[in-house]
Every structure is written in structure tokens, then in C-alpha cells.
């Protein structure tokens, strides 16, 4: 009696990352296929099909890969043969899921050039370690948030403070006099002298103020110190979640530290830094010797008016210097802006200061602001709707990509790439949305301006003649958001909120 043994059906799967690439292990598609066919012959398998992909192993939506899996699960193969298991992909979770899925369906997965069982054990360990790391991160974050809510501060003492251990074992924080003096000097340099981070760092180094880092003061160090809410006594924990950190909850405790700056001083510093960020890059507007740099804007295209100086020699040999403002776009070419008029610097500054002087009377302020709001209301509402619609579209796009990520069609790198530009656009739109909403709902802001603006204007006009340009500009920027200048001489002032 003769017993017949059924020949097992085998299909091969081959992959390279790009058409030009031979593969990470220098194995082209034909070489992989030849190796798989030889393996089938040596082991008595019937080679019944082959599937290939030219795609990154990070992608789980490979056409050949998905056809191979479906072909096997539909009962058309008993064995899947690959040269190395990493041909299945680069995602351990996806590889394990597919291998186990095929095994449960009675389909064996084998590799021609490596010990598959050992590879699977390594993948399981890598996957388990990743899962455990995430779970540990979650547990640590949960514990730290709970402790923060009870007033426990983590890490070293913030700049300006020193850690003090009480006899009871409790930890508190006292002012460090030298560091507090440095903070107050930073605030003065920013608010009164209109300096940026680097200039402040250079001044602190030159004056001998202590820096915690052995490398001394740097712009990034100044930025971190001045942006820390500890300066007004506030402890904030969990504000900046990191990758793998699920703690999006923010714990805030007011009065945890003894404040270094008053709320008014803190607000003044943050406003000054915000003004520098919204003007020309790297603080060039603040460095400009022109009073209206960073404030005056072309009423036709919205670009900033930049200072320009030309020199002419008179017949008697004396040199005449002419200082003027010109639209940045118009200076580059009429295609960008047709307004290429040079506005005399002295005349334009005088006209704008005279225009500003109208706002030193509360009743006049109320009338002028009402007129300006009436003309801006219609366009503001239209733009608000457009911004809201665009944000809604970005949300839809984000959730579509998030669904593809959850389904394994996109990996984390593809997801980050797809949403990188959208993230930048969203940030800009959200900033603009807040501005438009503030403009549309101006009732309270107008009443506050009626009370506060006249005093601020009078104070500025009284001091402007005695201040150097940098300091005068710093004060003017706290009053004016922009001064829109038109070719026909019209001036429209845009005020900051009080």
C-alpha cells in the first residue's frame, strides 16, 4: 500500500525600498526570487506564485504585500517564503500581527536566510519593551501630576530661587539675591531699552551677572528665564508634553514661589517680547534708527514701511541727507506694490504724532474709535468666517490622517510629515482668529481704551522729545499696533488693547 503526501503550496514575497536600490542587504528582486525558488525546490514545496513591492518597509499599505496576505488567507497557499523577515516591513507590531494572523489560518511563514523563530522572539521582546516603556511613562506621569497637585516641585530650583530644606524635611524656595537682581535687570533692558534676547545676554555678561551655565549667558537662556511663570510666583507642571508623555494635563499653583516681578511688570515684559516677535525678524525694527519702523505699514499692500537714507551734495560742497520711509514691497518692484512714494521721515513722524495727539481726549477717542470700528466691522466678519472655515478644513484633514494612522496605513513618520505644514498653518490661523474675534467684539475694549488710551498718549507725547529713538519706539509700540499710511496722505491708526 502506497501513501501519497500532498505537496505544500508556497508563495514568495520580495521587496526593495526603491527601484534604484538593490535592497538594504544588497539583494535585488530577481536575487530574492531566485533564492526563494531554490528554497522551495530544496524543501519540496510547489512554488505557485510570487508577490513583489518596490516600497519602503515603513509603509503597511504596500499593494503586493496586501495581495500576498489576502492570497494566503483565501486558502491559495500553505507557506509564505521570504528571504528575511524584515521584507515584511519595519514595524514590529505589523510584522507580528501578520505572522500570527497567517499562522492562525494554517499558513506557515518561513525565511530562507535566517532563523525565523529567533527573529520572532527578538521582535516580541522589542515590542514588549516598547509597550512597557510607554506604560511606565504613563505611570510616572500620573504619579508626578498627582504630586504636583499637592505642591511638590520637580527638578532643580528655577533661576532666581534657591532650594531650602526645613528642619521638618519639607522643601521650600527662597530668593537668590544675585539671580533676582539679574532677572530685574533683564526686565528693565527689555521694557525700557527695547533690547532682544541676545542683546540682553551680552549686557548681562558684560555686567557680571551670574549665569548658571558654565558657558555663560546666551539668548536661549534669557528667553527661558523671561518666559518662566515662576517669576510671578506661579508653578506650572505638564505644560509642554513630550513624545511618549501622555500628560497633557496642566497643573498650575498660584503663589507657590515668592514673586520676583509684579503682575504689571510681568505683563509689560511679555507684551514687549510679543511686539518684537510680530515685527521684522531678529528685532531689526527695534534696531532701526527710524521711529516708525515696525509700526508704519503701507495702506495699499500691508507691507512695512522701511527707513531709507540718501545723500546729496549741494553746490557749496555740503552734504544733504534725506531720510524717508518707503513700502518694502514697492521698493522691490511695482509688481508687488504700486506705491513707490518716498515719505519724508521727519514729516511722516510729525504727522502721525499729530494724528495720535487727537486721542488725548476721552470723548474724541470714543468718536474716533467708533468710526474706525464701523469701517472695519464688515471686512472683519468676512475674514473671521474664512479663517474659521479653513480651521475646520484642517481639522477634517487631521482626523482623516489620524484614522489612517490608527488603521496602520500611515506610520508615525508619515503622519508627522503629513501634518507638519498644517500645524504651522493652524498656529498662524489660531493667532489671527483670536485677533479677529477681538476686533469683532470690541465693545469692552473700546470702553477700556476710552479710559486708558488718553493717559498713555499724553504720557508718550510728553516724553517723546526727551527719549532716544529705541526707547521712544518701545513706548509707541505699546500704544500702536500699526499706522497705515496711504499715498494720498491718509493715516489710519490701529491701537493695541489697553
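None of the figures in this text is laboratory data; all of them are computed from the coordinates on show. Being a predicted model, the structure only gives us computed values, none of them experimental. Note that we place each Cβ from the backbone using ideal geometry, even for glycine, and neighbour counts take in every protein chain shown.
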Full-extension gain between residue 312 and residue 181, please, as 0.36 nm times their residue separation minus the C-alpha to C-alpha distance.
42.3 nm
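Based on the mean of other Cβ atoms within 10 Å per residue, sort peptides 328-334, 76-82 so the most packed one is first. It would help to have the intermediate numbers written out before the result.
Numbers: 328-334: 15.1, 76-82: 21.3.
Peptide ranking by packing, descending: 76-82, 328-334.
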Report the calculated FRET efficiency for residue 18 and residue 392 (r = Cβ-Cβ distance, R0 = 35 Å), to the nearest 0.05.
0.40
Can you work out the base-10 log of I(q)/I(0) for the range 9-114 at q = 0.21 1/Å, using the Debye formula on its C-alpha atoms alone?
-1.12
Scattering profile of the range 288-344 from the Debye formula, Cα beads only, expressed as log10 I(q)/I(0) at q = 0.19, 0.25 Å⁻¹, is -0.66, -0.92
Once R0 is set to 30 Å, what does the formula 1/(1 + (r/R0)^6) return for the Cβ-Cβ distance between residue 270 and residue 487, expressed as a FRET efficiency to the nearest 0.05?
0.25
